[in-house]
């Protein structure tokens, strides 16, 4: 039982990092940015490469995050901005971002091969501890620590002036623009930050499990589910959703069967969607 | 020649799917569950045919009824959701369906697939698969004509109005939910037909034939061909089936080929959304606000 809780915590941390970025983008740009999974995967592969070349973990993660941020800039600058000029509907964005995910995922597969890769982690992180019947590794502790750190940073950022602009853009794009807020620059910032988080999460996930080209897809899926559960665009709700999803996943692996893990999580969310379309915590 | 017939048969089967999805999309519903319903139809037909040895027409009808029923089951809660969420819910269904195909060994024999699926008893032998081509084309034509009839009828006008401004349709006194539900049920029926044809033609099905990606593929066919344009759907289907086949001639190793295919699909989606969101032959800018 304690093991399930501990597993849920790590699971939830990973989901949370991706979900927050996703939620942030949705709040501001008002569409499901499936390309988020692309940066998640890119982050994983960059971390893999850097660790392979012998760098230390912190460096690898930071660089992965920065490269992820750059990818976010690219997606916004080259694709989404153009769609925005045309006042495209959210469905068009959705399909376009799906295209991005497919392109990036398959590029990674072509470059690195479709098989899974294991990241080389220093042995210090491999050692495990046992606490009241639950087993966890130092790596997992690090994941939680990084998650908490980044999430706190995010919330601090949202209180800054730029964060204020971001929030006002989310609330009322028209009015924000009228007040002189540079929408294009804000969008770049949003995608940059969100993608940074996703990329770091990808690196962390890679360390926890393995990396493979399709990881972007499953990574985003759970993030989306967490956001939807907590109410799209509601950041606090996203945290709650991630925790719940982490628990659901770990519980279903332990108590039911591992191969049904995805389906069960999906069914939980689907039922929730049908019953309470606004999410557990209603977003304003 | 056999090869061309094979391609045409595949185009025909997928055309049935994309025409029915186009119908649904004309009502403003973006469903990424069509591949899953297709798979359901295929599996039901396979089980009925291989295990219970039911004749072709009976199994086809049963599988189509099964997909219609499941489609309704899916649609009833999902249609209450707004556009993006609807797409996600249907996609969630597609993922769950694939997991069921893969894991429910009792019915679907999972990754081992179902073999020896019987096809219809044709009156006389003709060259190779020509009979199948005839059968599939017949069904495809029927689907096309029915869909066109539907779209051009007063019912179709309501459907298209729903996709453009649902609130106005409700305002004019119509139960939009019911219109959408019936449209979805009707489209689901045809996925069963397509699934049965697919099952009987290939005589072997496997969960990998019905990945969530398959649903996305069918959506790509509709998007590329043009929402609201049935001829466009046929065009889109042809493109998305022929291009991977053409790539086959480049003799890429199979792992690379699969990824290249998907990469091109993704690229196609991006380019279409950037430059021609209504698709090649799309008449309605129903994707734009």
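Read-outs throughout are calculated quantities, based only on the coordinates presented, and are distinct from any laboratory measurement. Remember, it's a predicted structure, so these values are computed and weren't measured experimentally. Neighbour counts are summed over all protein chains in view; Cβ atoms, including those assigned to glycine, are modelled from backbone coordinates with ideal geometry.
Among A:156, A:46, A:146, determine the one that fluctuates most according to a GNM of chain A built with springs between C-alpha atoms less than 10 Å apart. Top of the fluctuation ranking is A:156.
Classify the range B:243-283: rounded, prolate or oblate, from the alpha-carbon gyration tensor (a ≥ b ≥ c, eigenvalue square roots; a/c under 1.5 rounded; otherwise prolate if a/b is larger than b/c)?
Numbers: a/c = 4.65, a/b = 2.40, b/c = 1.94.
Because a/c hits 1.5 or more and a/b exceeds b/c, the range B:243-283 counts as prolate.
Here the scattering of the protein assembly as shown is modelled by Debye summation over its C-alpha atoms, one equal scatterer each and no solvent; at q = 0.11 Å⁻¹ the log10 of I(q)/I(0) is -1.03. Pairwise inverse Cα distances across the range B:192-249, averaged and inverted, put the Kirkwood hydrodynamic radius at 12.5 Å. In whole Å, what is the distance between the alpha-carbon centres of the range B:173-187 and the range B:218-261? Answer, in whole Å: 30. Counts of other chain beta carbons within 10 angstrom of each beta carbon in peptide A:74-84 average 1. Placing dummy labels 7 Å off each Cα toward the beta-carbon, the span from residue B:58 to residue A:259 is 3.1 nm.
Based on the convex hull around the alpha carbon atoms, the range A:94-243 presents an average projected area of 11.4 nm². Would you mind checking the tilt of helix A:261-275 against the longest principal axis of the Cα atoms of chain A, expressed as 0 to 90 degrees and rounded to 10? For A:261-275 against chain A, the angle is about 40 degrees.
Note on residue A:182 and residue A:87: their simple-model spin labels are 2.5 nm apart, each label 7 Å out from Cα toward Cβ.
Going by how many other beta carbons lie within 10 Å of each one, how would you line up B:214, B:170, A:39, A:205, fewest first?
Details: B:214 21, B:170 13, A:39 38, A:205 25.
The order, fewest Cβ neighbours first, is B:170, B:214, A:205, A:39.
Under 16 Å from a label point set 7 Å out along the Cα-to-Cβ vector of residue B:158, no amide N atom of the range B:51-80 is found.
Taking the longest Cα principal axis of chain A as reference, the axis of helix A:57-74 is set at about 30 degrees. Placing a label point 7 Å from the Cα of residue B:245 along the Cα-to-Cβ line, the residues of the range B:1-44 whose backbone N sits under 17 Å from it are B:1-18. Compute the helix-to-body angle for B:176-202: its Cα long axis versus the longest principal axis of chain B, expressed 0 to 90° and rounded to tens. Roughly 20 degrees, rounded to the nearest 10. Ranked by how many other Cβ atoms sit within 10 Å of their own Cβ, fewest first, the residues A:272, B:106, A:5, B:79 fall in the order B:106, A:5, A:272, B:79.
What is the average number of partner chain Cβ atoms found within 10 Å of a Cβ in A:100-113?
Details: counts 5, 3, 14, 9, 2, 4, 11, 3, 1, 7, 5, 1, 0, 3.
For this peptide, the per-residue mean of nearby foreign Cβ atoms is 5.
In this rough spin-label picture, where each label sits 7 Å from Cα along the Cβ direction, the residue B:1-residue B:172 distance is 5.3 nm.
As a test of the definition: which semi-axes, in Å, follow for the range A:12-216 when you take the square root of five times each eigenvalue of its alpha carbon gyration tensor? Largest first, please. Walk me through the numbers on the way to the answer.
Numbers: eigenvalues 198, 82, 34 Å².
Over the Cα atoms of the range A:12-216, the ellipsoid semi-axes are 31, 20, 13 Å.
Exposure proxy shown here: for B:203, B:20, the number of other Cβ atoms within 10 Å sets the order, fewest to most, as B:203, B:20.
Give me Rg/Rg_expected for the range B:2-211, where Rg uses Cα atoms only and Rg_expected = 2.2 N^0.38 Å with N residues. Can you show the working numbers first?
Working: Rg = 17.6 Å, N = 210, 2.2 N^0.38 = 16.8 Å.
Cα Rg divided by the expected 2.2 N^0.38 Å: 1.05.
Over the range B:28-106, what portion of Cα pair distances is larger than 17 Å, expressed as a whole percent? When every Cα pair of the range B:28-106 is considered, 48 percent fall beyond 17 Å. A protection proxy built from the mean count of other Cβ atoms within 10 Å ranks the segments B:23-29, B:99-105, most packed first, as B:23-29, B:99-105. Averaged over peptide B:90-102, the number of partner chain Cβ atoms lying within 10 Å of each residue's Cβ comes to 4.
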